[in-house]
Amino acid sequence: MEQKAIDRLLDELRASDVFREYEQAYNEVTHLPLVLRSSLDDAIDFDPNQESDFCHFMRQHNDSCKTCIHVEESNPSNGESIHKTCFAGVHVTAVPIKVHQNVIGYLQTGEVLLEKLTPEKLEESTRQLLDWGINLSHEDLKHLLESGPILSPKQYEAVIKMLEIFAKHISEVAAKISVSPELNEPDGIKKSRDYIQKHLDEKITLDQAASVANMSASHFCRVFKKATDMNFSEYVARIRVERAKEMLVESNYTMAHIAYDCGFNSVTDFNRTFKKITGLTPTEFRKDT
């Protein structure tokens, strides 16, 4: 998925009711910030009313604190949550949002101490700030650091677990948005999408979809790729998998029934395609939901 498509998808997620309602409830219960970011290398855009006083101060005075968490190119994320602790003992966590196994963004939270400040830690942190040209007294630094919540490690672990559960849910929302029609896409592409949806249980060829769109096959491929950020066969496979997900959750149909109802050639084809796209077999997906 191209970055432009990812950015558009994340913007839709940020504007969605499910994210905004969760963000509000999360902040009210935990008193921790929450931001949906696209990259671990980009500056964070936290609500100043949510972020900790210390982190807000540091982002204004230190470039590395503008990103807070980052992953070196030689050590990319493996799709698991990333935890970092800064020089002052502030903990931050980024939980990945994935669409079909690809990480498209992160839910970042934290900015929290997991233990009370010791005089030794305060002295060490003050010296580090001085090395960076930031002159803060022990008292001012202590005030900034202790302005936010202090959680026990067990409490913070529970908070992150809650966020990881939400990340799975919003990843499913993102997967559905990624194959939904664009409001400004060409009429021919809209017609072809509708045709695919209505004939999922049948064999759908590129020529058929192009004919519905009233385009040549080659022109249709170019326009379809631009509109969906996917080639035709990939799009059809993902649409079939999304329908299969719904049937796995909402029904007790057998795998064979679901496979053929969603247009797969066989149960083997269904299992292979489903795992390729989601990282799970249909059976594993049903057990996890």
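Taken together, the values in this text are just the output of simple stated rules run on the coordinates, not laboratory data. None of the values given here were measured: they were computed from a predicted structure. Cβ coordinates were reconstructed from backbone atoms using ideal geometry, including for glycine residues, and neighbour counts include every protein chain displayed.
Measuring from centroid to centroid over Cα atoms, what is the spacing of region 16-46 and region 181-196 in Å?
Using only Cα atoms to place each centre, the spacing works out to 32 Å.
Report, in deg cm²/dmol and to the nearest 500, the calculated mean residue ellipticity at 222 nm for the chain, where each DSSP H run with n ≥ 4 adds -39500 (n - 2.57) and the sum is divided by the residue count.
Value at 222 nm, helices only: -17000 deg cm²/dmol.
At Gln60 and Glu124, where each label point lies 7 Å from the Cα along Cα→Cβ, what is the point-to-point distance in nanometres?
So the two model labels end up 2.7 nm from each other.
Suppose we keep just the DSSP beta bridges with both residues in the chain; what percent of those would be antiparallel, to 5?
In the chain, DSSP labels about 95 percent of beta bridges as antiparallel.
State, to one decimal in nm, how far the label point of Lys176 lies from the label point of His199, with both points 7 Å from Cα in the Cβ direction.
About 2.6 nm, to one decimal.
Can you give the FRET efficiency for Glu139 and Lys168, using 1/(1 + (r/R0)^6), R0 = 45 Å, r = Cβ-Cβ distance, to the nearest 0.05?
0.55
I'd like the per residue volume of the convex hull spanned by the Cα atoms of region 3-178, given in cubic angstrom.
About 119 Å³ per residue, rounded to a whole number.
What pairs in Lys161/Lys287; Lys84/Lys116; Lys98/Lys225; Lys98/Lys161; Lys198/Lys276; Lys154/Lys276 have C-alpha atoms more than 28 Å from each other? Can you show the working numbers first?
Details: Lys161/Lys287 19 Å; Lys84/Lys116 18 Å; Lys98/Lys225 21 Å; Lys98/Lys161 16 Å; Lys198/Lys276 24 Å; Lys154/Lys276 35 Å.
Long pairs (Cα-Cα over 28 Å): Lys154/Lys276.
How much length, in nm to one decimal, is gained on full extension between Asn252 and Cys221, taken as 0.36 nm per residue of separation minus their Cα-Cα distance?
7.5 nm
Shape call for region 187-288 from the C-alpha gyration tensor, a ≥ b ≥ c root eigenvalues: rounded (a/c under 1.5), prolate (a/b greater than b/c) or oblate?
Prolate.
In nm, what is the difference between 0.36 nm times the number of residues separating Asn102 and Asp11 and their Cα-Cα distance?
Working: separation 91, 0.36 × 91 = 32.76 nm, distance 1.71 nm.
Between Asn102 and Asp11, full extension yields an extra 31.0 nm.
Taking the simple approach of a point 7 Å from Cα along Cα-to-Cβ for both Asp187 and Lys116, what is their distance in nm?
About 7.2 nm, to one decimal.
Where the centre of each part is set by its Cα atoms, how far does region 202-254 sit from region 83-125, in angstrom?
Rounded to whole Å, the Cα centres lie 40 Å apart.
Short version: ³J(HN,Hα) in whole Hz for each residue of region 184-190, in order, from phi by Karplus 6.51 cos²θ - 1.76 cosθ + 1.60 (θ = phi - 60°), x for Gly and Pro, what are they?
9, 7, x, 4, x, 5, 4
Please work out how much length the chain gains when fully extended from Thr85 to Thr67, using 0.36 nm per residue of separation minus the C-alpha to C-alpha distance, in nm with one decimal.
Result: 5.2 nm gained on full extension.
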